[in-house]
Amino acid sequence: MDREAYRTCCSLVKMPRQPYEQFWSSHVVDYIDKELSYSRFFEKYLLPNHPCVFSRRFTEDWKCRKQWVSEEGKPDFQKLLQEFEETPVPVANCNSKEYNANPKQVMPFKEFIHYWKEYIQNGHSSPKGCLYLKDWHMARDFPEHNVYTTPVYFSSDWLNEYWDTIEVDDYRFVYMGPKGSWTPFHADVFRSYSWSANICGRKKWLLYPPGQEEFLRDTHGNLPYDVTSAEVRDGSLFPHSEEACQPLEIIQEAGEIIFVPSGWHHQVYNLEDTISINHNWLNGCNVDIMWQFLQNELSSVQKEIEEWRNTMESWHQHCQVIMKACSGINYSEFASFLKIIADNRTAVLNARSSGDSSDSPRHLSETLATLGPHHAAFDLQRVAHVIECLLCNEDFKRLDHSTLTLQPETTLQQIRGTLQSTRGQHLLYQE
């Protein structure tokens, strides 16, 4: 990020997000086929939270585009089996519904490939249903493979940075599915961004701008499992569905990458036998959306167990436990998440000042160095803003802060100190 983009972004991020009316009637999404500067992508797509599609030229050098794909452009089952034959993988059944998702099982990779071959030979049908290998942590299981490179546009990735630091999980996935496999209507984890690259095959995406999903709730307040089903247009079941805009429909070809913005609900179909790589990620541009999502999740939990509020000891703590079980994170872990992101950027800026980068992990130092000091300063300002919101939140005030490794107030002071001390050296602040 250059200085001019930094100044622009710091001013833009203080304004409320622009509404999404342009997507209510338009069915056109920007297609990027030429080199685009990171700063331009940041200003035009990340901050305003708008989708776009990158052409296949951005993935043409990936090893998986050559090693996993046959000359005919189909999945190369033989080569895939050579690499992953005995690996256990998560597989969903698209013909079964469990709540608003598809039930999963774990099976050896070779068993899934055997099924997939039979499915194709039987005219893309099987008595076992339509199975879809999804949410496979291939990069974590095989870190030495290096079959793709995250494009720089998506490299400011706080979500995976945090999980890599604590070595618990990650949100980098491989999907492999036959023609006809699909993913039900949803928005991504923590209302994160996602990017999805087709290694081979084609997908159809149906995307709804944030807020439109409210028109698609049924009389019980639930979102549809399949947004294209006839029952969604039944006014007695979904009383406001006619008020929703038409979805933005995108056909994603082999090699192309789609950027799905934060909080855009979507439904996805594989139009052919398809392999894709998907990352969920978030950063300073949408961390406020994540914070709002967490507040909404806690509010929903509180409403569910409101009747025990006065009789249950540590009711607020119980709400946090339930929230983490349902959402994967609670307020305390969110505070820890912000601290780690802040610590990493503080270390990089201080190392840049002192000339000693020994305290920073190499891969992280390289990423942050590529993005530059202005980006690190922008990130710190965004973390500081959300911590200020957190400290003013009544539910956060009620929690037991003794479990936190560092109090948010201290993190906030450290951020301010770092920004102040690097101001003159790197001209990070707006003048």
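Within segment 158-180, the residues that satisfy the criterion of being in a helix (DSSP H, G or I) and either at pLDDT 95 or above or open to solvent by less than 40 Å² (accessible area, probe 1.4 Å) (or both) are Trp158, Leu159, Asn160, Glu161, Tyr162, Trp163. Within segment 27-56, the residues that satisfy the criterion of being assigned to a strand (DSSP E or B) and open to solvent by less than 30 Å² (accessible area, probe 1.4 Å) are Ile32, Cys52, Val53, Phe54.
Of the residues in segment 291-311, none is open to solvent by 30 Å² or more (accessible area, probe 1.4 Å) and either in a strand (DSSP E or B) or of a type in the set (A, V, I, L, M) (or both). Residue pairs whose Cβ atoms lie under 7 Å apart, sitting 6 or more positions apart in sequence or on different chains, and linking a residue in segment 99-113 that is within 20 Å of His186 (Cα to Cα) to a partner that is at pLDDT below 95, are Asn102/Ser96; Pro103/Ser96. Tallying residues that are within 30 Å of Lys66 (Cβ to Cβ) and not in a loop (DSSP other than H, G, I, E, B) within segment 250-273 yields 11. Suppose we filter Thr183, Thr219 for residues that are under 26 Å from Gln292 (Cβ atoms), assigned to a strand (DSSP E or B) and of a type in the set (Ser, Thr, Tyr); which single one remains? Step by step, each of Thr183, Thr219 is checked, and only Thr183 is under 26 Å from Gln292 (Cβ atoms), assigned to a strand (DSSP E or B) and of a type in the set (Ser, Thr, Tyr). The set of residues from segment 236-249 being loosely packed, with under 11 Cβ neighbours inside 10 Å and in a loop (DSSP other than H, G, I, E, B) comprises just one member, Ser236.
Quickly run through segment 214-254 and pick out the residues that are among the β-branched types (Val, Ile, Thr) and in contact (Cβ under 8 Å) with a residue 40 or more places away in the chain. Reasoning before the result, please.
Of all residues in segment 214-254, those among the β-branched types (Val, Ile, Thr) come to 219, 227-228, 232, 250-251.
Matches in segment 214-254: Val227, Ile250, Ile251.
Taken over segment 111-137, residues that are closer than 16 Å to Glu85 by Cα and open to solvent by 40 Å² or more (accessible area, probe 1.4 Å) amount to 3.
Please go through segment 86-125 and pick out each residue that is among the basic types (Lys, Arg) and outside any helix (DSSP H, G or I). Spell out how you get there, then give the answer.
Narrowing segment 86-125 to residues among the basic types (Lys, Arg): 97, 104, 110, 117.
The answer is Lys97, Lys104.
So is Ser262 without any contact (Cβ under 8 Å) to a residue 40 or more places away in the chain and either crowded, with 18+ Cβ neighbours inside 10 Å or farther than 21 Å from Arg172 by Cβ (or both) or not? Against the criterion (without any contact (Cβ under 8 Å) to a residue 40 or more places away in the chain and either crowded, with 18+ Cβ neighbours inside 10 Å or farther than 21 Å from Arg172 by Cβ (or both)), Ser262 does not qualify.
Scanning segment 402-424 for residues that are surrounded by 12 or more Cβ atoms within 10 Å (Cβ to Cβ) and touching a residue at least 60 places away in the same chain (Cβ under 8 Å) gives Leu404, Leu406, Pro408, Thr411, Gln414, Ile415, Thr418, Ser421, Thr422.
The values are calculated or read from the model by the stated rules, or taken from the named source; none is laboratory data. Computed from a prediction, not measured in an experiment: that's the story for all the values here. When we count neighbours, we look across all protein chains shown, and the Cβ atoms used for this are built from the backbone with ideal geometry, even at glycine. Quick note on the areas: whole protein, heavy atoms, side chains included, nothing else; ligands and nucleic acids left out. Shrake-Rupley method; radii C 1.70, N 1.55, O 1.52, S 1.80 Å.
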